[in-house]
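S.K.: Supplied in structure tokens, the structure appears directly below.
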Amino acid sequence: MNRQDIIQEPEQRGFMKGIAHFAISVGSKEAVNHLTERLRADHYTIESEPRTTGDGYYESVVLDPEGNYVEISM
């Protein structure tokens, strides 16, 4: 994956060189919702609430401790 907007500024952790994102499939909308809420309760940052994307995926996005995007999809 290649992104032209990746920069070298440390405060922009999610857009630095390296991993663009990590994605996991959990099998159902209910599982996406449940895991998102569990991570919220554990004080992870929810970057994007559960939703159906323009290309038809149901997903949420949380940030790992280093600011990397983790997509949770069905």
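Taken together, the values in this text are just the output of simple stated rules run on the coordinates, not laboratory data. Bear in mind the structure is a predicted one, so any value in this text is a computation, not a measurement. Note that each Cβ is placed from the backbone with ideal geometry, even for glycine, and that neighbours are counted across all protein chains shown.
S.K.: Could you give me the ³J(HN,Hα) list for the range 64-70, computed from phi with Karplus coefficients 6.51, -1.76, 1.60 and θ = phi - 60°, whole Hz, x at Gly and Pro?
M.R.: Result, ordered by residue: 6, x, 9, x, 6, 6, 10 Hz.
S.K.: Can you list which of the GluC sites (Glu not before Pro) found in the range 41-74 are DSSP loop residues with at most 13 other C-beta atoms within 10 Å?
M.R.: E66
S.K.: Go ahead and run the numbers for FRET between N68 and A31, Cβ-Cβ distance against an R0 of 30 Å, rounding to 0.05.
M.R.: 0.90
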